[in-house]
1. Could you pull out the residue among Arg147, Arg180, Arg242, Arg192 that is in contact with a His (Cβ under 9 Å, 6 or more places away or on another chain) and either at pLDDT 90 or above or of a type in the set (D, E, K, R) (or both)?
2. If we scan the stretch 51-65, do we find a residue that is of a type in the set (Gly, Ala, Ser) and closer than 21 Å to Ser122 by Cα?
3. Given the options Ala216, Ala240, Ala165, Ala225, name the one that is surrounded by fewer than 20 Cβ atoms within 10 Å (Cβ to Cβ) and closer than 25 Å to Lys127 by Cα.
4. I'd like to check something: does the stretch 71-85 contain any residue that is modelled with pLDDT of 90 or more, in the same structural domain as Ser106 (by TED's automatic domain parsing) and exposed (fewer than 14 other Cβ atoms within 10 Å of the Cβ)?
5. Test Gly22 against the criterion of being loosely packed, with under 13 Cβ neighbours inside 10 Å, at pLDDT below 90 and under 20 Å from Met117 (Cβ atoms), and give yes or no.
6. Name the residue that is farthest from Ile178 (Cα to Cα), counting only residues in the stretch 142-162 that are in contact (Cβ under 8 Å) with a residue 40 or more places away in the chain and buried (at least 18 other Cβ atoms within 10 Å of the Cβ).
7. Take the residues of the stretch 104-141 that are over 21 Å from Pro84 (Cα atoms) and of a type outside the set (Gly, Ala, Ser): which is surrounded by the fewest Cβ atoms within 10 Å (Cβ to Cβ)?
8. Can Leu128 be described as in contact with a Phe, Trp or Tyr (Cβ under 7 Å, 6 or more places away or on another chain) and in the same structural domain as Asn61 (by TED's automatic domain parsing)?
Amino acid sequence: MPKEAFGGDDSDGGGDAGKKRGGLSRFGLSPDVNIRDVFWRVMDSYADTGKPGTTLAGLENDRFSLMRAALSVLSGPQTGQYSPTQVAEFTIMMLADGGWADALASFLVEAAETNAMRKEVSKAIRKLSHAEGYGSAIRESCSAMLRDRQKSSVAVSYIADSEDAELAVSVRKELMIIARGGIGDEQMNAIRAITLIKDDAEVKKALVVLLSHWDAQARLAAAEALEAMAGDSEVKAAAAKRLQAESDPKIKAILARIAG
């Protein structure tokens, strides 16, 4: 099946003069078929050998064009020979092997703009997080993103979606800060992420503190995480203490079970 089916044609031609086709131009890449050819050669090589098959140093100036080619593929109809998760996986491998941390960060941020792309990239992160060389690149990228307020929510969502405890451990401090002081989806994703390592003493303390949070959704998430630790004496005591003040019936039921 032709690889060109991924992402559509790069040209702006079409029946309607005022409309442009989706594709690489959507991401700011000039309609240059050579970049697409290079991208697919690299994808084929990773699929066949687990290696890029070319000297990536010579492609450094084209790293963002290659990254945007991947975004175009992931945003379009998936009718080619590689699954969306494989495309995301091979792209992360390419960006990490090239040492292109800036392009990797941009790929993670831009892929999170739609739920479909974010889910595929999360699956790829889950697979690569324990692979030699790639796990460290992913952890470094997520850590840098967590220190950037404009990108932190994206990093937290990837960590939570990946369900990778090792990745959560590597940025535990940052996650706990967001879990206790964040708001909305970012906070909920941070709670999901630290729940992956709920047996950690500091994380357990953070979850106990969240039992008194003003937001019922945060309290519920913390209570649900702590229920798996109902045999812990500190958790049991914290649940019993909070039980009297809790007004939400669902949370109150969980606390009662924990308190025994």
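1. Arg180
2. no
3. After ruling out the rest, the residue left standing is Ala165.
4. yes
5. no
6. For the stretch 142-162, the residue satisfying everything is Ser162.
7. Checking each candidate, the answer is Glu132.
8. Yes.
The values are calculated or read from the model by the stated rules, or taken from the named source; none is laboratory data. Since the model is a prediction, treat every value here as computed from it, not as a measurement. Don't worry about glycine lacking a Cβ; one is built from the backbone with ideal geometry, like all the others, and counts go over all protein chains shown.
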